[in-house]
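To keep things clear, I will list the structure first and then write my remarks on it.
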Amino acid sequence: MIDHVYVSVTDIEKSLAFYIAALKPLGWREFGKYDSASGPDNVPDLFGVGDDIYVSGTGVGSSIWLRQRQPGETGLYVGIVCDSNDAVDAAYRAAIDAGGLDEGVPADRTYFASGYYAGNVADFDGNRIEFVHKAWNPAR
């Protein structure tokens, strides 16, 4: 299951209005902003739109996070749900062994939330994958 996708856009306000309007009939809504000042330098400001389950925290849902596009960026960043921290570790290791590039070894990412554990890799074209386990998600 895809937990979240970062979409790199050229105009945050215009794109946020578009995604909110386009996804509203499906029960999605704007639910927050992540301020980059509270985390590491490589994490930008993020603007969240999520489905009812993701936003309520009652289950494993999906979200889109808009970010300001940087020159040369591919624009693709996908967060994939893992059922445990061990699963994050295994997926990260498999991706590295397959030739992926380290974008952040598996660890707690408490700057997002307590219980947020993730490992990040990039493929050969610079597309990014985050393997993520959120302690508050119910078992699937």
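What does the helix-only formula give at 222 nm for the chain: each DSSP H stretch with n ≥ 4 adding -39500 (n - 2.57), the total divided by the residues, and the result rounded to the nearest 500 deg cm²/dmol?
-6500 deg cm²/dmol
The HN-Hα couplings worked out from phi for segment 43-55 by the Karplus form 6.51 cos²θ - 1.76 cosθ + 1.60 (θ = phi - 60°) are 9, x, 4, 10, 10, x, 10, x, 6, 4, 5, 4, 5 Hz, whole numbers, x standing for Gly and Pro. Can you classify segment 72-118 as rounded, prolate or oblate using the Cα gyration tensor, where a ≥ b ≥ c are the square roots of its eigenvalues, rounded means a/c under 1.5, and otherwise it's prolate if a/b beats b/c and oblate if not? Here segment 72-118 falls in the oblate category. Near the amide H of VAL7, within less than 5 Å, lie the amide hydrogens of TRP65, LEU66, ARG67, all on another chain or at least 5 residues away, with H placed in the peptide plane. Amide H contacts under 5 Å for GLY32: GLY48, restricted to partners 5 or more places along the chain or on a different chain, H placed in the peptide plane at 1.01 Å from N.
Amide H contacts under 5 Å for CYS82: VAL132, HIS133, LYS134, restricted to partners 5 or more places along the chain or on a different chain, H placed in the peptide plane at 1.01 Å from N.
Calculate, in nm to one decimal, what GLN70 and ASP125 gain on full extension: separation in residues at 0.36 nm each, minus their alpha carbon distance.
Contour length minus Cα-Cα distance gives 18.3 nm.
Whole-Hz Karplus values for segment 127-133 come out as 6, 10, 10, 10, 8, 9, 10 Hz, taken residue by residue from phi with 6.51 cos²θ - 1.76 cosθ + 1.60 and θ = phi - 60°; glycine and proline positions read x. By the Stokes-Einstein formula, at 1.306 mPa s and 10 °C, segment 1-45 with its Kirkwood radius over alpha-carbon pairs has D equal to 129 µm²/s. Starting from one equal scatterer on each C-alpha and no solvent at all, send me the Debye-based log10 I(q)/I(0) for the chain at q = 0.19 Å⁻¹, two decimals. Each listed q maps to, in turn, -1.22. FRET efficiency for the LYS33 to ASP83 pair, using the beta carbon distance and R₀ = 30 Å, is estimated at 0.60.
Summing +1 for each Lys or Arg and -1 for each Asp or Glu, what net charge is found among the other residues whose Cβ lies under 14 Å from the Cβ of ASP11?
It works out to a net charge of +1.
With R₀ fixed at 25 Å, the C-beta to C-beta distance from LEU23 to ARG93 puts the FRET efficiency at about 0.15.
The slack between VAL43 and THR110, meaning 0.36 nm per residue of separation minus the straight C-alpha distance, is 22.8 nm.
To the nearest 20 debye, what is the magnitude of the charge dipole of the chain about its Cα centre, counting +1 on the Cβ of each Lys and Arg and -1 on the Cβ of each Asp and Glu?
Numbers: 11 positive and 20 negative charges, 86 e Å.
The calculated dipole for the chain is roughly 420 debye.
Using the Karplus relation 6.51 cos²θ - 1.76 cosθ + 1.60 with θ = phi - 60°, the per-residue 3J(HN,Hα) values for segment 62-72 come to 10, 8, 10, 10, 8, 9, 5, 5, 9, x, x Hz, with x marking Gly and Pro.
Read-outs throughout are calculated quantities, based only on the coordinates presented, and are distinct from any laboratory measurement. Model, not experiment: these values are computed from the prediction. Here the Cβ is made from the backbone with ideal geometry for all residues, glycine too, and neighbour counts use every protein chain on show.
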